[in-house]
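Structure record follows, encoded as structure tokens.
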């Protein structure tokens, strides 16, 4: 094995079933006939006390087997453990309080998913709202609402680190350059969502869960502890196929706990398939991070020290494996640069947003967004070439293996060569010419560059860097990253491989068949690879699973060691059968033969089956050569030391990207003209897979950079609950990157390979941001680079117009706002009395079932609101204040229903036009939450306007019925129509709108 | 994501459909291509008691040129527009807008009339119908009536249809050889609903621009007698006149900018 690539053109063996609809994904697999379905009742508000939760009606619905609330969950489980000691209890359902939209409040188990969802609709909950904390800045404010009372603030960790002599470096440096950046929330959104089938055996007190969970299997321990059983009493199995994960499916473990409890309470196996709205709303998110990064820089652009201040938003709970996002990059906080003076302050805050977890790139996008924006700013502020600034600071090839300031051990690399080759092969000079030509034509064209170190194969101990050295000493060391592989021969002499990895579409079977076939002199087609995992039967450890780009470097390495051991043992058997010395045996193309006489040969199958059929003929120590299982862990992955130095990852690939983008000043759209990405990921095991990983990571990165954001409204409502509102780019938006390679094999992995699955999610967002900064000549860039944000960055004044600017109105700050007026044939007093009379209101409010006055100025109504095909029943509470009879009144209102909730305020004025006519003028501002906001925010303003208009239309009609008909306001050209609002009325309303 | 319970009625005739709507009114929804209704049912945003499937009703899938217009039956699919003879010369606006309507897969199932009935303020087909002075033919147990496009759209997902009515067909007028049309759209991604779309038309009655994605309904504004050098001021006034609002996809300022840009581009094109 000394070539740089191995069987690079072999086709994928996974694809036949996948492209013919015969994949075996979670929801394809057969289940027991007794299996019931689970649906989750979720919070529609961001932050509130649960004043009342009534599941009685849901329990009584025929077909419902169980409804489970925090009471049942707490009776059978313990809180989910987390690697940081803070008084924050994390349960898989809300206990007394909800802290993010989508948080599970109860689950229903029923004979079908239809019935389960019918029952979910019958669950009633009353919330007493708390102030939602929706940003990092807000979370840190002294007077902010506190999510977890016992913690006393929203800050759950604050650690500072110092390596080398950063203070001296800043004092002595010529320049200080800094950036202040915010990395927004996003997710890699696998096509297949979460899925679980859980069962409980009361006789053995054993739980079993089949789930498309992806690892790390350290989480198995978290789930077993939560379920209060020994690890061996939790059997976790994975399906043969998984439709993508990118880290995301790690975070379904709270639902595994929930489904296990549901199965126990309901007494039947329970199945749950998450739907897309649930997934986008409440599965998991990458962290959002606010970073201030300062550099001490010489006049030549040499960075002498870095000073990081990072504040991480982990959402409503700190949930395992967080705060790993913040600490994964601990060993490579200086990226590809030789910087030995380093200061870091890491803070972690909780906000009323979905808890965070693994997501492709995991910490890398956040770190490199700050670091590489900084490198660009250094070039701009010091008037240097950005490529020169990168080159000046790169670690030199003779420095490898290179120990970073914070304890990382970079295995190999030739960064200068990689940059030179990228510029040459990628045509950087031509791109500069192209930019200059475009600029001469008046176009906004920019070039971005970035250099990154891509870490892979995580040290299972890095997360303990969040603890102080004293706390770590007390808890005992954590380190390493065991990968597990078994290679076996069966009685027919056929070879099988099993690994404790859990592929989600990557092509593990193809690569492993090649790696093991290569070791054993067999065709890949002759190797059977099994990648399903069953924790009761298979070899595994805490690092098992598929994450931190560990497959090629660690898992394939373990498999090659296992195959190699088996080959050595089989060679001994062959030597004995050929009657020659072991060193005289060659294994080529399915046969063992003598080195000096190739005609003396025995087939591989014959030798391999000997251990089964004639073990007595095998001499030597040990069992016959039937199966080799390898647990491999690299010694380089040591626990963090007493000075907080940690080698957080085993391998460190190198990436250098550059790109050209054009910004359309008219539309704010960013077009990627050219993108070049150079990778050194060590030895390439399969060229197609590597380029596929790079292309996929690039696609996710384009989404993160330009399109996607898990967006919330100010009130905490989640507003990106479908792929219409969470715009994942498609092949139409994502250009093909130019992919280039250099190769410096890793000395630390058995095959010389490094991980390559996440690099572009780290390098590409900031490379594109740097290009946009160059194109627009701006200092600060805000992700995503959406047309709205681009327009804001360009800061161009709007043309003056003769049309007077519409008055913003008193409620314009509300996401939903508007107003209008109508003239009706009645006196103000008459209208006033109508507005305050429950009986009249019940008659005139469209879809109203009841109105009750609960006090002089407080009303409760039950109303069916509908716009077009969308309708739902709501309980509406309205309170009036500032009453000035019969001239004006203010009101506040709340509406709750199955489709969500809303609250608003408004003002009504009654202006007499003459003795018989009154103009009613209204204005309102509102916000909406829950399902309707998650999936339909785009249409809410229009829909609200319709509901408001209908009300006043009906009021006008009612008043008119009791008086003489009133025409429309003078000057309008249409008579009001019956039925729906007339055009004239519609115009009037629009005019009143801001 | 499973619908609430409803009765499914597969209608055999137009009279069947009218009867069901006459009986159930707003509690019944018409199912054709299902590209909007099915997701809304699954998300339980819509909970009709009855879903009446009109896809088996004979002849409702017709799409043909009759005299001076394109007749589009209630079940004719959006992608069928691509098969209309001389679409680019006889219906230039439909031809230009067609690639912007969803994706090929959704166009194959989605119906033209379904998009009109749904009345999404950002959808392309309502915009085209208004810009082209098209017409809607409504049917109910009470009989049939025709409504002009500009009178049909009343608000977000709100039309002039009564609860017992459904659209039996729509008509798009054939363009005269001297008429000029231009269409532009900006969305976040290919196939998305428009952030802003604009269609300019110059015919023997004058010049007008219709804007989608901003107000609750396609907004048409006449610019009769407009000269090229006045376009800049005209589109600035237009942008200021519209009810531009901020949402997840676009700020109000971006919407105004897009209105100016797209209206200007389309006007320039029809005036050139």
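Those residues that are assigned to a loop (DSSP other than H, G, I, E, B) and touching a residue at least 60 places away in the same chain (Cβ under 8 Å), I need them from the range A:144-172; list them, please.
Once the filter is applied, which keeps residues that are assigned to a loop (DSSP other than H, G, I, E, B) and touching a residue at least 60 places away in the same chain (Cβ under 8 Å), the range A:144-172 yields A:145, A:147, A:148, A:154, A:164, A:165.
When you look at residue A:552, is it under 18 Å from residue A:518 (Cβ atoms), within 32 Å of the chain's Cα centre (by Cα), assigned by TED's automatic domain parsing to the domain that holds residue A:506 and assigned to a helix (DSSP H, G or I), yes or no?
It is true that residue A:552 is under 18 Å from residue A:518 (Cβ atoms), within 32 Å of the chain's Cα centre (by Cα), assigned by TED's automatic domain parsing to the domain that holds residue A:506 and assigned to a helix (DSSP H, G or I).
Please go through the range B:24-43 and pick out each residue that is touching a residue at least 60 places away in the same chain (Cβ under 8 Å) and more than 8 Å from every other protein chain (Cβ to nearest Cβ).
If the condition is that a residue be touching a residue at least 60 places away in the same chain (Cβ under 8 Å) and more than 8 Å from every other protein chain (Cβ to nearest Cβ), then B:25, B:30, B:32, B:33, B:34, B:35 are the ones that fit.
Quick check: anything in the range A:929-939 within 14 Å of chain B (Cβ to nearest Cβ), more than 27 Å from residue B:36 (Cβ to Cβ) and in contact with a strand residue (DSSP E or B) (Cβ under 9 Å, 6 or more places away or on another chain)?
Taking every residue of the range A:929-939 in turn, none turns out to be within 14 Å of chain B (Cβ to nearest Cβ), more than 27 Å from residue B:36 (Cβ to Cβ) and in contact with a strand residue (DSSP E or B) (Cβ under 9 Å, 6 or more places away or on another chain).
Restricting attention to the range A:467-485, and to residues there that are crowded, with 20+ Cβ neighbours inside 10 Å and in contact with a helix residue (DSSP H, G or I) (Cβ under 6 Å, 6 or more places away or on another chain), which single residue is nearest to residue A:746 (Cα to Cα)?
In this case the residue turns out to be A:483.
Go through the range A:103-113 residue by residue and tally those that are under 28 Å from the mean Cα position of the chain (by Cα), within 14 Å of chain B (Cβ to nearest Cβ) and not in a strand (DSSP E or B). Before the answer, list the steps.
Restricting attention to the range A:103-113, the residues satisfying the condition of being under 28 Å from the mean Cα position of the chain (by Cα) are A:103-109, A:113.
Next, only the ones that are within 14 Å of chain B (Cβ to nearest Cβ) stay: A:108, A:113.
Add one more test, that the residue is not in a strand (DSSP E or B), and what stays is A:113.
Of the residues in that region, 1 qualify.
Going by the conditions given, is residue A:677 outside any helix (DSSP H, G or I), under 24 Å from the mean Cα position of the chain (by Cα), free of Cβ contacts under 8 Å to residues at least 60 places away in the same chain and in the same structural domain as residue A:453 (by TED's automatic domain parsing)?
In short, no.
Only one of these conditions is not met by residue A:75: (1) surrounded by fewer than 19 Cβ atoms within 10 Å (Cβ to Cβ); (2) in contact with a strand residue (DSSP E or B) (Cβ under 7 Å, 6 or more places away or on another chain). Which number is it?
(2)
Quick check on the range A:768-789: of everything there that is within 13 Å of chain B (Cβ to nearest Cβ) and part of a loop (DSSP other than H, G, I, E, B), which residue is surrounded by the fewest Cβ atoms within 10 Å (Cβ to Cβ)?
Out of the qualifying residues, it is A:782.
Within the range B:235-250, which residues are at the interface with chain A (Cβ under 7 Å from one of its Cβ atoms), part of a loop (DSSP other than H, G, I, E, B) and free of Cβ contacts under 8 Å to residues at least 40 places away in the same chain?
B:243, B:245, B:247, B:248
Among residues belonging to the range B:105-131 that are within 11 Å of chain A (Cβ to nearest Cβ) and touching a helix residue (DSSP H, G or I) at 6+ places or on another chain (Cβ under 7 Å), point out the one that is farthest from residue B:165 (Cα to Cα).
Only one residue tops the list, namely B:121.
Restricting to the range A:396-415, name every residue that is in a helix (DSSP H, G or I) and crowded, with 22+ Cβ neighbours inside 10 Å. Walk me through it before giving the result.
Step one: list which residues in the range A:396-415 are in a helix (DSSP H, G or I), which gives A:397-399, A:415.
A:415 - this is the single residue of the range A:396-415 that is in a helix (DSSP H, G or I) and crowded, with 22+ Cβ neighbours inside 10 Å.
Does residue A:757 satisfy being buried (at least 23 other Cβ atoms within 10 Å of the Cβ) and in a loop (DSSP other than H, G, I, E, B)?
Against the criterion (buried (at least 23 other Cβ atoms within 10 Å of the Cβ) and in a loop (DSSP other than H, G, I, E, B)), residue A:757 qualifies.
Taking the range B:256-272 only, how many residues are within 22 Å of the chain's Cα centre (by Cα) and more than 9 Å from every other protein chain (Cβ to nearest Cβ)?
Residues that pass the stated criteria total 5.
Could you tell me whether any residue of the range B:206-215 is outside any helix (DSSP H, G or I) and free of Cβ contacts under 8 Å to residues at least 40 places away in the same chain?
Yes, the range B:206-215 contains a residue that is outside any helix (DSSP H, G or I) and free of Cβ contacts under 8 Å to residues at least 40 places away in the same chain.
Quick one: would you say residue A:397 is closer than 30 Å to residue A:557 by Cα, at pLDDT 95 or above and in contact with a helix residue (DSSP H, G or I) (Cβ under 9 Å, 6 or more places away or on another chain)? So that I can check it myself, show each step before the final result.
Numbers: closer than 30 Å to residue A:557 by Cα: yes; at pLDDT 95 or above: yes; in contact with a helix residue (DSSP H, G or I) (Cβ under 9 Å, 6 or more places away or on another chain): yes.
When the stated conditions are applied, residue A:397 passes them.
Out of the residues in the range A:790-829 that are in a helix (DSSP H, G or I) and in contact (Cβ under 8 Å) with a residue 12 or more places away in the chain, which is nearest to the other protein chains (Cβ to nearest Cβ)?
A:791
Please tell me if residue B:229 is out of contact with any strand residue (DSSP E or B) (no Cβ under 9 Å at 6 or more places or on another chain), closer than 30 Å to residue A:725 by Cβ and either in contact (Cβ under 8 Å) with a residue 12 or more places away in the chain or assigned to a helix (DSSP H, G or I) (or both).
No.
Name every residue in the range B:151-168 that is in a strand (DSSP E or B), over 17 Å from residue B:48 (Cα atoms) and within 7 Å of chain A (Cβ to nearest Cβ), in order of residue number. Show your work before the answer.
Initial filter on the range B:151-168 (in a strand (DSSP E or B)): B:153-155, B:158-159, B:166-168.
Among the residues that remain, those that are also over 17 Å from residue B:48 (Cα atoms) are: B:153-155, B:159, B:167-168.
Passing the criteria: B:154, B:155.
Determine whether residue A:19 is surrounded by fewer than 19 Cβ atoms within 10 Å (Cβ to Cβ) and modelled with pLDDT under 95.
yes
Would you point out which residue out of B:60, B:21 is in contact with a strand residue (DSSP E or B) (Cβ under 9 Å, 6 or more places away or on another chain), within 14 Å of another protein chain (Cβ to nearest Cβ), buried (at least 18 other Cβ atoms within 10 Å of the Cβ) and more than 19 Å from residue B:3 (Cα to Cα)?
B:21
So if I check each of B:253, B:194, B:198, B:182, which one is crowded, with 20+ Cβ neighbours inside 10 Å, within 13 Å of another protein chain (Cβ to nearest Cβ) and not in a loop (DSSP other than H, G, I, E, B)?
Checking each option against the conditions leaves just B:198.
So, residue B:109, is that one surrounded by fewer than 23 Cβ atoms within 10 Å (Cβ to Cβ) and in contact (Cβ under 8 Å) with a residue 60 or more places away in the chain or not? So that I can check it myself, show each step before the final result.
On the way: surrounded by fewer than 23 Cβ atoms within 10 Å (Cβ to Cβ): yes; in contact (Cβ under 8 Å) with a residue 60 or more places away in the chain: yes.
Yes; evaluated as a whole, the condition is true for this residue.
Here is a list of conditions, (1) in contact (Cβ under 8 Å) with a residue 40 or more places away in the chain; (2) crowded, with 19+ Cβ neighbours inside 10 Å; (3) part of a loop (DSSP other than H, G, I, E, B), and residue A:727 meets all of them except one; can you say which number that is?
So the condition that residue A:727 fails would be (1).
Among the numbered criteria (1) in contact with a helix residue (DSSP H, G or I) (Cβ under 8 Å, 6 or more places away or on another chain); (2) in contact (Cβ under 8 Å) with a residue 60 or more places away in the chain; (3) crowded, with 20+ Cβ neighbours inside 10 Å; (4) within 27 Å of residue B:267 (Cβ to Cβ), which one does residue B:220 miss?
Going through the list (1) in contact with a helix residue (DSSP H, G or I) (Cβ under 8 Å, 6 or more places away or on another chain); (2) in contact (Cβ under 8 Å) with a residue 60 or more places away in the chain; (3) crowded, with 20+ Cβ neighbours inside 10 Å; (4) within 27 Å of residue B:267 (Cβ to Cβ), residue B:220 breaks only (3).
Against the condition surrounded by 24 or more Cβ atoms within 10 Å (Cβ to Cβ), out of contact with any strand residue (DSSP E or B) (no Cβ under 7 Å at 6 or more places or on another chain) and outside the structural domain of residue B:195 (by TED's automatic domain parsing), how does residue B:102 come out, does it pass?
Values: surrounded by 24 or more Cβ atoms within 10 Å (Cβ to Cβ): no; out of contact with any strand residue (DSSP E or B) (no Cβ under 7 Å at 6 or more places or on another chain): yes; outside the structural domain of residue B:195 (by TED's automatic domain parsing): yes.
So residue B:102 fails the test.
The values are calculated or read from the model by the stated rules, or taken from the named source; none is laboratory data. Worth saying up front: this structure is predicted, and the values here are computed from it rather than measured. Glycine gets a Cβ as well: all are built from the backbone with ideal geometry, and neighbour counts include every protein chain shown.
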